[in-house]
1. Which number comes out as Rg/Rh for the stretch 284-386 once both Rg and the Kirkwood Rh are worked out on C-alpha atoms?
2. As an exercise, use a Förster radius of 45 Å and the Cβ-Cβ distance of residue 209 and residue 174 to find the FRET efficiency, rounded to the nearest 0.05.
3. Please give the peptides 306-318, 128-140 ranked by average Cβ packing (other Cβ atoms within 10 Å per residue), highest first, as a rough proxy for protection.
4. Could you grab the relative contact order for the chain? Cα pairs under 8 Å, six or more apart, rounded to a whole percent.
5. Can you tell me the 0 to 90 degree angle between the C-alpha axis of helix 324-340 and the longest principal axis of the chain, rounded to 10?
6. What size of dipole, in debye to the nearest 20, comes out for the stretch 240-416 about its Cα centre when the only charges are +1 on Lys and Arg C-beta atoms and -1 on Asp and Glu C-beta atoms?
7. Sorted from largest to smallest, which semi-axis lengths in Å does the alpha carbon gyration tensor of the stretch 2-227 give for its equivalent ellipsoid, taking the root of 5 times each eigenvalue?
8. Taking the inverse of the average 1/r across all pairs of different Cα atoms in the stretch 240-416, what Kirkwood radius in Å do you get?
Amino acid sequence: MKNLDIKFFEYQCENGLRVALVHKPDFSRSFFLCGVKCGGIDRRQRVGSKEIFYPSGCAHFLEHVMFHYRGGDVSDQFAQLSCQVNAFTSPYETAYYFSTTEDPKEPLELLLRFVQNLELTDDVVEKEKGIILSEWDMVHQNPDSCFLMSVWNALYNKHPMKEDVIGKKADILSMNKETLQSFYLNHYTPQNMALIGVSSQDPQTLFDQIKEIEGSLQSNILGKNRLCLLKEDLNVASPSFVKTMDISNQYVGLAIKLEPVKDPRIRFLLETQIQLTFDAFFSTFSAEFQTWIDQRILSLDCGAEADIMPDHAHLLFYAQTPLPNQFYKIVEHVLWQMQNQKIPDAVFTALQNRLYAQQIRLFDRFEELAIEIFQSMAQGISLKEQLDWIASLDANSTFEAVSNLDLSHQSQILIKGLD
């Protein structure tokens, strides 16, 4: 990334582990993330000639038990090294990461060794069930989480996005050591992982250390695995989805199911073009937006987002409003604008420049940067390519792409309070 004066280095270990390092010599903080390309949707796998079906929540449960290391909680070992450690599981990936202002050499070795070494007993699994069930209760009492789960349930018939990453309660209760070990062995392989680092330390010195550690580890490889998904058509599971909760503000959404896009470049461009169009017609860039706020149809708790992936795709408009019917009319109006009115060139340029600047500012936010690099690597694109593609967009091609979308497969979602 010479044009941006960003020192970015990529390597690959002999065992297949990909490494990306961003050199930040003027910063004292270091951030390292070890990511695995598997998540909540990885439930049906073909390994060689054998098909394996995993229960919901398997990736998330494994993330929890991975922290059992050398007879204790690995978080305590990181704390002794003056580090903060955490992890997350999404539909597509699982990541473990730490940050420190001290020398990252020891915690980096600890990160690599604990992620690539499963220490599991029946007692550990049983103990973790109670913790995860408590988390399940909190998630299902949170209206934001329930709204998103309602969106996925309204849209998808067979896709595993229907199930929350945390899994079904019954699957959590029945989880066992053998299932988790199988999931680990089939996914936690160096070829399916990446290490991202943002640090002031010399990149070559860091990579030499990483290469030495990886050379000392035994790789778990049972053979190539492939995600198997049941065919999902464009018909939504439910055109109207209503749920009742003990809340004071209603959650309202309109979701639109789209065709998935396999090509990573086309996928990124389309998602970006849609988001720029959302910003033009459903944000403060629109002259009508303040009117909708003044009419109390919208509040600042509203927005629109696109999620375009190789195996699923959708758009989502959302708001907290007591006037759902008026909200749906606004969305209908915005959708008409998106497909019938080109974004004015001056507005498009302003939105494009803002998006480009937001991407550049990522390089000063270590955690967000590392996660973005990992997710980009998992999808087969780079941040440099993303920046180039954003710069290449124009209002005409954006209008053409958005105007050709099939927006007919819709679902209305409402989370309302108790009567």
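1. For the stretch 284-386, the value is 1.03.
2. 0.65
3. On the way: 306-318: 20.2, 128-140: 14.2.
My ranking of the peptides, most packed first, is 306-318, 128-140.
4. Values: 737 pairs, mean separation 90.9, N = 419.
The value is 22 percent.
5. For helix 324-340, the angle is close to 90 degrees.
6. About 300 debye.
7. 31, 20, 19
8. Numbers: mean 1/r = 0.0576 Å⁻¹.
For the stretch 240-416, the Kirkwood estimate is 17.4 Å.
All of the numbers you see were taken from the coordinates with simple rules; none came from a lab. The shown structure was predicted, so the numbers you read here are calculated from the model rather than taken from an experiment. Backbone-built Cβ (ideal geometry, glycine too); neighbour counts: all protein chains shown.
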